[in-house]
1. State all residues of the stretch 45-69 that are outside any strand (DSSP E or B) and under 13 Å from C191 (Cα atoms); if no residue qualifies, say none.
2. Looking at (1) in contact (Cβ under 8 Å) with a residue 12 or more places away in the chain; (2) within 21 Å of the chain's Cα centre (by Cα), can you tell me which one N61 breaks?
3. With in contact with a helix residue (DSSP H, G or I) (Cβ under 6 Å, 6 or more places away or on another chain) and surrounded by fewer than 16 Cβ atoms within 10 Å (Cβ to Cβ) as the only criterion, which of T225, T248 stands out?
4. Taking N73 as meeting all but one of (1) surrounded by fewer than 19 Cβ atoms within 10 Å (Cβ to Cβ); (2) within 30 Å of I232 (Cβ to Cβ); (3) of a type outside the set (D, E), write down the number of the exception.
5. Yes or no: F218 surrounded by fewer than 19 Cβ atoms within 10 Å (Cβ to Cβ), modelled with pLDDT of 95 or more and of a type in the set (F, W, Y)?
6. Among the listed residues T284, T248, which satisfies the condition of being among the polar types (S, T, N, Q) and within 17 Å of K373 (Cβ to Cβ)?
7. Pick out, from the stretch 263-380, the helices (runs of 4 or more DSSP H) lying fully within it that include 3 or more residues that are buried (at least 17 other Cβ atoms within 10 Å of the Cβ) and in contact (Cβ under 8 Å) with a residue 60 or more places away in the chain.
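The values are calculated or read from the model by the stated rules, or taken from the named source; none is laboratory data. All figures in this text were calculated on a predicted structure; none of them were measured in a lab. Heads up, the Cβs are rebuilt from the backbone with ideal geometry, glycines too, and the neighbour counts pull from every protein chain shown.
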Amino acid sequence: MKSPFQFGGIVSGNNFINRNKEIVRLLTNFDSNINTLLMSPRRWGKSSLIHKAAQIALRNNSNYRFCFIDLFNIRDENEFYSTLIKELIKSTSTKPEEWLNSARYFLKRVTPKITIGIDPSTDFDIKLDIDKTQKSYSEILNVSEKIAIQKKIKILICIDEFQNLSYFNDPLLFQKRLRANWQYHKNTVYCLFGSKRHMLIELFENKSMPFYKFGDTFYLEKLDTEPLFKYITRQFKKTEKDINPEFTLEIITLMKNHPYYVQQLAHLVWINTNKKVTKQILKTGIQNLLNQNSILYEKEIESLSTTQINFLRAITDNISNNFSSTKIIHEYNLGTSGNVIKIKNALIKKEIIDVIKHKPIILDPAFELWLKKIYFRLNK
């Protein structure tokens, strides 16, 4: 029997949980030509949210075209331009012949090198000459607007891991180029999102940066308990398995309402259940989850200093935000108050913790559970 729970990729259909307010906000931005700047930690469901909103928008308006780009593996400006053009062409034309014609028509000065393999859907590629790209970047950045005007459509460009452009050579110049061209677009809307909040805040909320006030900035919150509770209960019931409210709530609480891990733990409990979830089945599911991730977590711990590990111990002990007090510094051997700030910033940079409402939290709830149940117990 197929598992009723979904994780590890774009979640869709009945597995997509709630986010109604966020969807309305995105759809309003799309319709109103308002750019969106979305931030959330990894695996909180931002990509699924964007794709869900895109599906609804396409149903509502046949003139919309969505272009999705992921900057995760893009490390320089020229590669960005090539990827942008390739995805724009594919998302606004239906046939390989049209791809060729569009590329040649809209990029007259750049003269792109185009390759199409046996399977055009996977073997279509565009490469741009570096020298010509640097001279004609403005033409490239305005291609979407030209296509939209000629075809009488609206293009919505969604760029994931947007903070990765900070790794480009001269990232500030590149951002200035993007903003200088994109801010005049009336037929192209941008949805820029990513997972490294501290980097995105610098990009979007620093007054000296090009993308300051570029659009509607919002931070994706965790899912509420009620829709998660209803979802888990429904998914067990439709596969003729039973889970009582106490165990459902424990799954959600242990995983701290984290969409990815709630789905994963529910899946592990589900596959071990014949008819009805028991306390032992839940316990086994939790242990399976920790075992599956233990190698990754051990590697994570090995990369940390002793004071960084001590800081994580303080978080798991539910210490308040007063980590710089003499008592806490002494109890957890954190060094000095100045060192506490360095520790916190280093862990934020490593994407192990974040500061939400002035309180440090461990972003991965399964990692936090592993620290409590296994690592700190074995290293007392």
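1. Residues of the stretch 45-69 that are outside any strand (DSSP E or B), as a first pass: 45-63.
Listed by number, the residues that qualify are K46, S47, L49, I50, H51, A53, A54.
2. Single failed check for N61: (2).
3. Working: T248 fails: surrounded by fewer than 16 Cβ atoms within 10 Å (Cβ to Cβ).
Going through T225, T248 in turn, just one is in contact with a helix residue (DSSP H, G or I) (Cβ under 6 Å, 6 or more places away or on another chain) and surrounded by fewer than 16 Cβ atoms within 10 Å (Cβ to Cβ): T225.
4. (2)
5. no
6. T284
7. Numbers: elements: 279-302, 306-316, 326-331, 337-349, 365-370.
Because the criterion is at least 3 residues that are buried (at least 17 other Cβ atoms within 10 Å of the Cβ) and in contact (Cβ under 8 Å) with a residue 60 or more places away in the chain, the helices (runs of 4 or more DSSP H) in the stretch 263-380 that meet it are 279-302, 365-370.
Per-residue answers, yes or no, for (1) at pLDDT below 75; (2) assigned to a loop (DSSP other than H, G, I, E, B); (3) among the small types (G, A, S):
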{"site": "N78", "(1), (2), (3)": "no, no, no"}
{"site": "K86", "(1), (2), (3)": "no, no, no"}
{"site": "I89", "(1), (2), (3)": "no, no, no"}
{"site": "T94", "(1), (2), (3)": "no, yes, no"}
{"site": "N101", "(1), (2), (3)": "yes, no, no"}
{"site": "R104", "(1), (2), (3)": "yes, no, no"}
{"site": "R109", "(1), (2), (3)": "yes, yes, no"}
{"site": "T115", "(1), (2), (3)": "yes, no, no"}
{"site": "I118", "(1), (2), (3)": "yes, yes, no"}
